[in-house]
Amino acid sequence: MKKILVAKAIKPFIENEKFLLRSGVMLYTASTGDEILSIHRSEKVNLIISQLDMPGLTAERIYTEVRQDADLRNVSLIIICNDSPADKTRAERCGPNAILPLPIDSQVLLEKTRHFLSITSRESYRVLLSVNLNGNSKDQAFFCRSENISTTGLLLETDRSLKEGDRLTCSFFLPDSKQVTVPAQIVRVMNRSDRSGARRYGVRFEKMDIGTRSAIESFVQKKSQKYR
């Protein structure tokens, strides 16, 4: 599980990104410096994206404490601050992994976020997907579209109404590969797609065999190398 803790004002710059829709990524939000420290103490997040100036505890105090605490220091830190020498000097005292100036360049922020979470940027891969609702009659089988496939799951688009917790059997073809059939579960229900108005669901794969995992990993790796 990858955990991100982000300042409330910065959340809109990343919350709709597709890599956050993957299963295994958890997003926490904090409005004050005190909340950042409290949430990190309880959750031991992997990445903090913070403003230099937030209500409550100062950034210098928070991150001095974080970096000196053996249980808290193993976290990546991105600090957003004004593009001034004084603020950059203050930010550097916090021991960040990256300092980004205002106004926020969302593309740079997302690239840094992926980097510190060790999440590769995936090529959007849309495929015709055959889905069957487990435990239902055969007439519950249907075709739909999917994208952003990985060994953990995919994003599914369909006119069908599904709910979180529904169990599925997904069947699809990867280029230059055999047919893939894998059990899965709906883990997230999202807003309708802007493109088609279809419903969107985050799907997590379950009990994937070695051959299927290898085929998907090979596909994702080829896509990543192609667009480097």
Fill in: Chain lengthening between GLU15 and SER38 when straightened (0.36 nm per residue, less Cα-Cα)
6.2 nm
Practice prompt. Give, as ranges by residue number, the residues of the stretch 139-158 whose backbone N falls under 20 Å from the point 7 Å along Cα→Cβ of GLN179.
Written response: 139-147
Fill in: Where labels lie 7 Å past Cα in the beta-carbon direction, separation of GLU217 and GLU92 in nm
4.2
Discussion item. On a 30 Å Cα-Cα criterion, which of the cross-link pairs LYS112/LYS163; LYS11/LYS88; LYS2/LYS163; LYS8/LYS207 come out too long?
Written reply: LYS112/LYS163; LYS8/LYS207
Worksheet item: Given a Förster radius of 22 Å and the C-beta distance between MET1 and SER84 as r, what FRET efficiency does 1/(1 + (r/R0)^6) yield to the nearest 0.05?
Response: 0.05
Response to the item:
Quick shape summary for the stretch 2-117, equivalent ellipsoid via Cα gyration tensor, semi-axes whole Å in descending order, reads 20, 18, 12
Worksheet item: Once the piece of chain linking VAL108 and ARG67 is laid out straight, how much longer is it, given 0.36 nm per residue of separation minus the C-alpha distance between them?
Response: 12.3 nm
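Quick note: the coordinates plus some simple rules give every number you see, no bench work behind them. All values derive from a computational prediction rather than experimental measurement. Every residue, glycine as well, gets a Cβ built from its backbone with ideal geometry; the counts of neighbours run over all protein chains shown.
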